[in-house]
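The values are calculated or read from the model by the stated rules, or taken from the named source; none is laboratory data. The shown structure was predicted, so the numbers you read here are calculated from the model rather than taken from an experiment. All Cβ positions, glycine included, derive from the backbone under ideal geometry; neighbour counts span all protein chains shown. Side chains included, ligands, DNA and RNA excluded: accessible areas come from the protein's heavy atoms. Shrake-Rupley method; radii C 1.70, N 1.55, O 1.52, S 1.80 Å.
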Amino acid sequence: MENLRAKSILELLALHVAIMEELRSRKVLRSANNPTGDLAEYLFCRAFGWAQADNSVKALDATSDDGTRYQIKGRRIHRRNKSRQLSSIRDLDGFDILAGVLFDDDYRVFRAALVPVAIVREQSDYIEHTNSHKFLLRDAVWDLPGVVDVTERLRNVEAN
């Protein structure tokens, strides 16, 4: 890897842009936003063969052949912020399963799970000022009945 310390701020930002564009050309990313959400969608859809929804579709990110609707969320846990709070969930009725993945500091899959919407409803807090629900992908979630650990399945996609 190049010596990043020797690069100027503008050179580093240009490198970031080039990397994001390359990931878009490889169909890993679909937006110009933080790559965490797009990477989560990419990994889950590749791992399970789900059809990715258009970016404009509200409340779901993918569907399986049997019609199951998935909301896909990712969270990067890093040394400056260990929070496991997923991004806002606006519609708890628009999906059947929450597909959640936690990434480590280097975007490697740390843990991943399929969580039935009933558990998401039960474990979420409603936030009035954003009109959304907050869900934390804590370790205890993996122990709940109906939750499926899919960590290895996503790691297999990540490795290829």
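The figures follow:
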{"read-out": "Under the Karplus curve 6.51 cos²θ - 1.76 cosθ + 1.60, θ = phi - 60°, whole-Hz ³J(HN,Hα) for segment 113-119, x wherever Gly or Pro sits", "value": "8, 9, 10, x, 4, 4, 5"}
{"read-out": "Segments 71-78, 128-135 sorted - mean Cβ within 10 Å per residue, highest first", "value": "71-78, 128-135"}
{"read-out": "Ordering of 62-69, 9-16, 95-102, 32-39 by packing [mean C-beta count within 10 Å, highest first]", "value": "95-102, 32-39, 62-69, 9-16"}
{"read-out": "Label-reachable residues, segment 56-98, where backbone N falls under 16 Å from a point 7 Å from Arg138's Cα toward its Cβ", "value": "82-86"}
{"read-out": "Estimated distance in nm for a label pair at Asp93 and Ser25, the labels positioned 7 Å out from Cα along Cα-to-Cβ", "value": "4.5"}
{"read-out": "Difference of contour (0.36 nm per residue) and Cα-Cα distance, Gln85 to Arg121", "value": "11.5 nm"}
{"read-out": "Computed accessible area, Lys58, all protein chains, 1.4 angstrom probe, square angstrom", "value": "140"}
{"read-out": "Over the chain: helical MRE at 222 nm, DSSP H runs n ≥ 4 each giving -39500 (n - 2.57), nearest 500", "value": "-9000 deg cm²/dmol"}
{"read-out": "Partners for Lys82 among aspartates and glutamates (Cα-Cα distance below 12 Å; same-chain residues under 8 apart left out)", "value": "Asp104, Asp105"}
{"read-out": "Sequence-distant residues sharing a close amide H with Ser132 (under 5 Å, placed H)", "value": "Ile127"}
{"read-out": "Volume of the Cα convex hull of the chain, divided per residue and given in Å³", "value": "141"}
{"read-out": "Two-site FRET efficiency, Thr130 against Asp104, from Cβ-Cβ distance with R₀ of 35 Å, rounded to 0.05", "value": "0.80"}
{"read-out": "Sequence-separation-based contact order of the chain, relative, with Cα cut under 8 Å and 6+ spacing, percent", "value": "17"}
{"read-out": "Karplus-derived HN-Hα couplings along segment 83-99 (A = 6.51, B = -1.76, C = 1.60, θ = phi - 60°), whole Hz, x at Gly and Pro", "value": "4, 10, 6, 7, 5, 3, 10, 8, 9, 6, 9, x, 8, 9, 9, 8, 9"}
